[in-house]
Every structure is written in C-alpha cells, then in structure tokens.
Amino acid sequence: MQWLSILHDYTFQNVVIGAALLGLISGPLGSFAVLRRQSLLGDAISHAALPGVCLGFIIAGSREMGSIIVGAMVTGALAALLMLVLTRMSRLKTDASIGICLSIFFAIGLVLLTYIQGSNNASQGGLESFLFGQAAATLRSDLWLMGGITLFSLTLLGALWKQAKLVTFDPEFAHTVGLPVSLIEVLLTTMVTLAVVVGLQMVGVVLMAAMIVAPAVAARQWSRHLGAMVFIAAGVGVVSGVSGASISALSRGLATGPLIILSASIIVLISLAIAPQRGLLWGLLQHLRQVSQLRRRQILYTLYKTQSTRDQEVHNLPFRLNFSAAIALWQLRRKGFLVSQKTPCLPMSAGNRWLLTSLGVREAQSVMAELNGKTT
Amino acid sequence: MVRDERVALSVNDLTVSYHSQPVLWDINIDIPSGVMAGIVGPNGAGKSTLIKSLLGLVPSLSGEAFIDGKSYKSQRKRVGYVPQRSSVDWDFPTTALDVVTMGLYGRLGWFKRPGRKEREESLEALDMVGMRALADRQISQLSGGQQQRVFLARALVQKADVYFLDEPMAGVDATTERAIIDILRRLRDEGKTLIVVHHDLQTVRRYFDWLLLLNVSVVAMGNVDDVFTADNLRKAYGGQIALLDDSNSLMFAASKRDN
C-alpha cells in the first residue's frame, strides 16, 4: 500500500497540485501562442525570467517566492515587448528577434546567478534550481500564489475570448472592425509570462517552453473548435503534470520537471500519430485505401474492356502484377466480381485465367458510367 | 441603378512608402456613391496597399480618407472589408459559421457573446453566398472558392455601406466568381459602394462601372467607358501589355517583352 500512503504525503500533494495548476494555465495560453505562430516566444520569455529571478532575490535579500515571481514577470514581459518592438520596427524577422532576446536575457541571468553565488549570502542556496525546477521545494503558500495567477489569467482569457480569437485568426480584419489589436496582442504575449512564473518552481526556465507548446500541439490534433482546443490543452497539461509528478514520487529521486515534460511529449507523439483526420497514421491509411480503390477500379475496367472486345477470358493481365494489384485481385475475387481458373503448367501470374462474373460486369459498368460522368 | 452625386470615398494626398521606396504617391480619389468601382494596375502598383492604408492597416506618410465626407475612424462601422484569402491561416480550428460570425464582433461590444440572433444573421449571409450547407464544415476543409465565399459572407453580416474587397476573384473557380459578382451587383443595386481590387483586364468592362487605373500614382479614374482605353492602359502598364484594338472591345494577349 505504498502508493496509497503517498497520497497523504505533504510534499507529494503540493507537487501534484502545483503540476496540475501549471498544466491548467500553460495549456490554454500556449494554444494561443501556437496558433499565433509564437511557439518559440514561450522559450524566450521563460529564459528571460532568469535575470528577474536573480534580481528579485537580490532586492528581497532572500529566496522569497513573491519577489522572485514579480522579478520574473517583469523581465519576462520586458523581453516579450522587446521582441514585439523588434519585429514591428526593425527589419528583423520573428525568429531572429526571438533568438536575440533569448540569449541576451539568459546571459544576463547567468551572470547575475554567478554574482549571487559569489556573494556568500547564506540564503542563496538553491537559486540555480530555477534553471531546471525543483518541484519538491514547493510550499503551500507558493500554491496559493500559483492558483491565484492561474485563476486570474484564465478569467481574463474568458472575458476577452472573442477578441483573442479574432486577433489570433485575422488581426487585420480585427483592426477594421475596431478592436484594439495591439493591446490584445500585447496582452496575449505577456500572459505567457504568467504561465512561465507558475512553472518556475516546477519545471524551471529551461524546459518551460515545452510546457507552453506541447499541450497545445497535442490538443490541436483532436479539436475542431478553438474552445475545444483550449479545453483539451488544459486537460493534456493537467494530465502530464499529475502523471509526471506521480512517476517522480514513486520512483524516488527522478527529477519531476523533466518527467512532466516527457509525459507531455508522449501525449504529443501519440496525438501526432493517431488523431483522426490530422494524424500521420490516419493519413497513411487514407492513402492506402485510395490506392487500393484505384487499383480495383483499374482492374475491373481493363478486364471489362478486354473481355468485351475479345469475348473470352483473359490470360495475361495487361498490367504488372505487383503487391497492390495482387491485393486488389484478391479483394475483387472475395467480393465475387471475378473468378480465376488455375492452369498448373504455367507460373502463377501468367497462369491464372481471370474472368469477370456477371456481378463484376455490372460493377465495371457502374465504374465506367461514373468515370464518363466526371469527364463530360 | 441607384446612383447619386454623393461621394462615398474620398482620399486626399495619400502617400505611402515602404523602406524609403514610394509605394503610393500623392493619391487623390473621389469615388461616387452606389458604384461598383474597380482598382486595376500592374503588379506592384500598390492596389492592395491603397486599400490597406485607407483602412489604417499600413502606415501612411500623409493623407486622409473620408467616408461620406466624415473621417474614416468615425465611420468604421459603415465599412466592410474582404481581405485576400491568403492573409490568414486556414488551418485555424474553427467552422465556416464561426468565421462569418466574426464579422459581428465589432458591433457586439467588449463583453457580449454572439447569441442566437447573431447565429441567424450569419447563417443568412452564408445562405446568400450559397454556403449554408457547409456552415459547420472546418475551414481547413473548404476549397479556395468556398473560403473566399466565407470571407464575403463575413463582410455581408457587417451590413456596411462601403465595401473594400482585395482580389476577391483571385484563384477561385468560375462558379464562385459568378456567385461573387452576382452578390456584389445586388449590393450595388441596393445603393452600396463596392471598391474592388481586380487583376483580370478581360472582365473589367463587364464587372465595373467606375474604374481607377493605378501605378504608384493615379493614371486615370472615372466612368469605366472613359477610363478603360488603350491609351490609358498603355500608360498604366507600360510595355507589359500588348493591346489589340478590335473595333469596340479591347483584347489582350498575354504579354511577353518581345511581342
């Protein structure tokens, strides 16, 4: 009953609730980031949170969550706005400006981090845990903070739902109907910062981008509406957060943050593979189905043509008998459209005599009628 | 045809440049109310830029736009817009009906959600463009012509007086082109003004009753019969076009520099 007792474990409860909150906020906000083609923006913002974490620590003088979060929010938002300005005002493309902001802010963060470590401050311990997260250090008070931020951003998103949707889909049209497009773009971008600060403690600044992108990408595979996508993304985020935290707790000593990211990645891979309509496997099956249907029609058509002109069964099929043709022949025979008579002295492909049944003749006629109907 | 002497759109002294290259130069236009106006010119003439700068989507160095004599900003609700189909990502997770409803967002105000009344209006607009049956279809599964009709329906629900359309006939099938032109004519007959960026010179005479020939600056504008002459076209297109004056109608051969 080891895994039951773990449910009552104080640390475990904190970690699971924290991970769930992280999934809840990063899924919906990530959905908008992904649809606005700003997946990498989350990466830059989360790296840019590091200097803020350090500044918060320096100003507060201790590892106090409140000031660290405020610091992370300020530098994260600063980086986000700098990127918007760079892409708008200069000739830099989005990827270049994201790259610039990410490295500059992260470098400043690392410099500040080593500065703090060299300053012999007794309470500096564990500041570098914000690089990769340290979920076990999560306190109840941190959870209240994370919960408040999550509630705030989801409420804001809900209130501005239709504006956010239109600005994401068609910003130019949004402008012509009088929406304050720049304001909403700035809001959507800086709200990603809120998701990042919720993830600081759990997964850290380096891996946070995956938490923004992965649930949204997985959700897009399964959804037909923006609303559904946002809900599924939140669900995927919560599931990967909780399962990552649980695996970590049961396995003793494996890092929680990376496990959360890995859980999300597995859901992404499954979604990319098997989601109906959009999945790779689905597309492959669809393709094979079309190929075999075309093959069957070709065979029916050729047999019908040769039979009706020569008035006898066909010996040599007028096409190469490859794998797909063999399958098509087998399918047609099973449906009763054609019969074969083996002549044992000849090799298999040349020796089979294929004959359309009356059922097959009718099928071939309807195929031809359809083809003619399409060409005229 | 309802045609009065009021001016639907007037543009004063508009200049737009992109990276210190003039795209539009000293544009002055007056488009009368209740016409179907075409904007025609060679590639890079600034046709789309003209519409976008009037709508405030592209910054201009100078110039003002007036709708019915009042500044554009105060008349925004009376203006409808059909952007180029390629301007959005059609893989966005939504349905045709939802895209059409977006045309009503400006009217709804900040926090009101679209309800049953908005749904009815949007369905009606989809019906007008012959797309009601596809209302719940994913927009990624629509053909190019169907996507264009959805955009037109989104503009229809705006119930505007002046419509800007950016190449609505580009890359659509013949059925869609006919459907679009029928709707535009009906709107004009109701007294609306339609301003259409167009690329196909063959159909200019048939579609439009007012024409603006553009190549960075205004080459000619006015009634289509006065403006659509071999002389003006040569001025607008330079050597890019071969003209054959075949009694009444102008015919165009695909132009190569050597013919």
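The values are calculated or read from the model by the stated rules, or taken from the named source; none is laboratory data. This is a predicted model, so every value here is computed, not measured. Cβ coordinates were reconstructed from backbone atoms using ideal geometry, including for glycine residues, and neighbour counts include every protein chain displayed.
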Within the range A:70-84, is there a residue that is out of contact with any Asp or Glu (no Cβ under 8 Å at 6 or more places or on another chain), at pLDDT below 90 and within 14 Å of chain B (Cβ to nearest Cβ)? no
Checking A:LEU41 against (1) within 18 Å of A:CYS101 (Cβ to Cβ); (2) touching a Ser or Thr at 6+ places or on another chain (Cβ under 9 Å); (3) surrounded by fewer than 23 Cβ atoms within 10 Å (Cβ to Cβ), which single condition isn't satisfied? (3)
Run down B:ALA170, B:ALA153 and say which single residue is surrounded by fewer than 23 Cβ atoms within 10 Å (Cβ to Cβ) and under 24 Å from B:ASP89 (Cα atoms). B:ALA170
Return the residues of the range B:46-88 that are closer than 20 Å to B:GLY171 by Cα, under 15 Å from the mean Cα position of the chain (by Cα) and among the hydrophobic types (A, V, I, L, M, F, W, C); say none if nothing qualifies. B:ILE51, B:VAL82
Subset of the range B:120-158, residues in contact with a Pro (Cβ under 9 Å, 6 or more places away or on another chain), within 28 Å of B:SER74 (Cα to Cα) and within 12 Å of chain A (Cβ to nearest Cβ), comes to B:PHE151
Which one of A:ALA136, A:ALA174, A:ALA228 is within 9 Å of chain B (Cβ to nearest Cβ), surrounded by fewer than 18 Cβ atoms within 10 Å (Cβ to Cβ) and part of a helix (DSSP H, G or I)? A:ALA228
Among the candidates A:GLY126, A:GLY109, A:GLY118, residue that is out of contact with any strand residue (DSSP E or B) (no Cβ under 7 Å at 6 or more places or on another chain), surrounded by 20 or more Cβ atoms within 10 Å (Cβ to Cβ), under 16 Å from A:PHE57 (Cβ atoms) and not hydrophobic (A, V, I, L, M, F, W, C): A:GLY109
In the range B:55-92, which residues are in contact with a Gly (Cβ under 9 Å, 6 or more places away or on another chain) and farther than 23 Å from B:ILE180 by Cα? B:ALA65, B:TYR72, B:LYS73, B:ARG76
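Every residue, every condition in (1) more than 15 Å from the chain's Cα centre (by Cα); (2) more than 14 Å from every other protein chain (Cβ to nearest Cβ), yes or no:
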position: A:VAL217; (1), (2): no, no
position: A:ARG220; (1), (2): no, no
position: A:ALA249; (1), (2): yes, yes
position: A:THR256; (1), (2): yes, yes
position: A:LEU259; (1), (2): yes, yes
position: A:LEU262; (1), (2): no, yes
position: A:LEU269; (1), (2): no, yes
position: A:VAL291; (1), (2): yes, yes
position: A:LEU303; (1), (2): yes, yes
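Conditions (1) of a type in the set (Gly, Ala, Ser); (2) more than 30 Å from B:MET102 (Cβ to Cβ); (3) modelled with pLDDT under 90, marked per residue:
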site: A:PRO215; (1), (2), (3): no, no, no
site: A:ARG224; (1), (2), (3): no, no, yes
site: A:VAL239; (1), (2), (3): no, yes, no
site: A:SER243; (1), (2), (3): yes, yes, no
site: A:ARG252; (1), (2), (3): no, yes, yes
Which one of A:THR168, A:THR150 is assigned to a helix (DSSP H, G or I), of a type in the set (Val, Ile, Thr) and away from every other protein chain (no Cβ under 12 Å)? A:THR150
For A:GLY56, are the conditions met, namely being at pLDDT 90 or above and part of a helix (DSSP H, G or I)? yes
May I ask you to list the residues in the range B:58-108 that are closer than 16 Å to B:ARG154 by Cα and among the small types (Gly, Ala, Ser)? B:GLY80, B:SER86, B:SER87, B:ALA96, B:GLY103, B:GLY106
Given the structure, is B:ALA160 assigned to a loop (DSSP other than H, G, I, E, B), of a type outside the set (Phe, Trp, Tyr) and crowded, with 20+ Cβ neighbours inside 10 Å? yes
A:SER31 vs (1) surrounded by fewer than 24 Cβ atoms within 10 Å (Cβ to Cβ); (2) within 14 Å of another protein chain (Cβ to nearest Cβ): all pass except (1)
Pull up the range B:123-144, narrow it to residues that are surrounded by fewer than 19 Cβ atoms within 10 Å (Cβ to Cβ) and of a type in the set (Gly, Ala, Ser), then point me to the one that is farthest from A:ARG224 (Cα to Cα). B:GLY130
Inside the range A:271-289, the number of residues satisfying the requirement of being under 20 Å from A:VAL34 (Cβ atoms) and more than 17 Å from the chain's Cα centre (by Cα) is 0
Among the residues in the range A:247-261, are any buried (at least 16 other Cβ atoms within 10 Å of the Cβ) and not in a helix (DSSP H, G or I)? yes
Exactly one condition in (1) touching a helix residue (DSSP H, G or I) at 6+ places or on another chain (Cβ under 9 Å); (2) assigned to a helix (DSSP H, G or I); (3) within 14 Å of chain B (Cβ to nearest Cβ) is not met by A:ALA210; state its number. (3)
Please give the number of the condition A:VAL181 fails out of (1) more than 14 Å from chain B (Cβ to nearest Cβ); (2) without any contact (Cβ under 8 Å) to a residue 60 or more places away in the chain; (3) of a type in the set (A, V, I, L, M). (1)
Within the range B:197-224, which residues are assigned to a loop (DSSP other than H, G, I, E, B), within 20 Å of B:PRO32 (Cβ to Cβ) and among the hydrophobic types (A, V, I, L, M, F, W, C)? B:PHE208
